[in-house]
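K.L.:
The structure follows.
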């Protein structure tokens, strides 16, 4: 019986980058924090925000490849929904505008059976279907209201709730894979196969959400995002049309201001 497996292996350099960002963010000593913040305020206007985020993706399935696998196997559109993990670095351009860099990862892997075929022992013919995506975007985040107020020449007090809208663009790489037992449509023989398509496409994303300050330095963020993306199928699926990589993301995150 096929076993589920990760389609992507996170490169060592990426792991090191994430670890370094975490140390930078959460490795600050109490003395350093006290030197940069007071009772409910910062001693300077923040210039950057680093956020670690997670959530859930409601994946679009409006393309040939999804129609094919749903028709052939015991899968549905909901089986391509996936958890999401990522990070965002924001650079303050003005009081109401941030420039952002966002990196994320999502993956789903489901076991299925052929709908219309069984083997010679009347047992199901099983396989695993997986879809992984790694999006990277650059964008702008706009705050319609001020995010805080200055007191005197140095102190800055954050606004408790700060709504925002955003627009970004970038690239999304994907891996679509099926492995397990399959039926030869000409001979009706059952064989083991591993079929793969890997490629990348342009991504456009719109978002809206709000930040809730938890003290002067930390904040919690809740955000809804919709992404538009298509990419060519290649490898074993080269004769299919472009794969639908659209999707709605509901994201929560914890961020720190610098």
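The values are calculated or read from the model by the stated rules, or taken from the named source; none is laboratory data. In this text, all values refer to a predicted model and were calculated from it rather than measured experimentally. Backbone-built Cβ (ideal geometry, glycine too); neighbour counts: all protein chains shown.
K.L.:
For the range 200-258, enumerate the residues that are touching a strand residue (DSSP E or B) at 6+ places or on another chain (Cβ under 7 Å) and assigned to a loop (DSSP other than H, G, I, E, B).
P.N.:
Across the range 200-258, the qualifying residues are 216, 217, 232, 233, 234, 242, 245, 246, 258.
K.L.:
So, one more: State all residues of the range 214-242 that are more than 21 Å from residue 103 (Cβ to Cβ) and surrounded by 20 or more Cβ atoms within 10 Å (Cβ to Cβ); if no residue qualifies, say none.
P.N.:
216, 233, 237
K.L.:
Need the failing condition index for residue 149 against (1) surrounded by 14 or more Cβ atoms within 10 Å (Cβ to Cβ); (2) at pLDDT below 95; (3) within 27 Å of residue 256 (Cβ to Cβ), just the number.
P.N.:
With (1) surrounded by 14 or more Cβ atoms within 10 Å (Cβ to Cβ); (2) at pLDDT below 95; (3) within 27 Å of residue 256 (Cβ to Cβ) applied to residue 149, the lone miss is (1).
K.L.:
If you don't mind, there's one more thing I want to ask. Considering each residue of the range 128-164, count those that are in contact (Cβ under 8 Å) with a residue 24 or more places away in the chain, assigned to a strand (DSSP E or B) and farther than 20 Å from residue 58 by Cβ, and give that number.
P.N.:
18
K.L.:
What's the number of the condition residue 195 fails, among (1) farther than 18 Å from residue 79 by Cα; (2) surrounded by fewer than 15 Cβ atoms within 10 Å (Cβ to Cβ); (3) in contact with a helix residue (DSSP H, G or I) (Cβ under 9 Å, 6 or more places away or on another chain)?
P.N.:
(2)
K.L.:
Scan the range 63-117 for residues that are without any contact (Cβ under 8 Å) to a residue 40 or more places away in the chain and in a helix (DSSP H, G or I) and jot them down.
P.N.:
67, 70, 77, 78
K.L.:
Report every pair of residues separated by at least 6 positions or lying on different chains whose Cβ atoms are under 7 Å apart, first residue within the range 223-243 and within 13 Å of residue 177 (Cα to Cα), second assigned to a helix (DSSP H, G or I).
P.N.:
233/65; 237/65; 243/65
K.L.:
Do we have residue 60 as more than 13 Å from the chain's Cα centre (by Cα) and under 17 Å from residue 245 (Cβ atoms) here?
P.N.:
yes
K.L.:
Another question, if that's okay. Please count how many residues of the range 31-62 are out of contact with any helix residue (DSSP H, G or I) (no Cβ under 6 Å at 6 or more places or on another chain), at pLDDT 95 or above, surrounded by 18 or more Cβ atoms within 10 Å (Cβ to Cβ) and assigned to a loop (DSSP other than H, G, I, E, B).
P.N.:
1
K.L.:
Could you please let me know if residue 172 is closer than 28 Å to residue 49 by Cα, surrounded by fewer than 15 Cβ atoms within 10 Å (Cβ to Cβ) and touching a residue at least 40 places away in the same chain (Cβ under 8 Å)?
P.N.:
no
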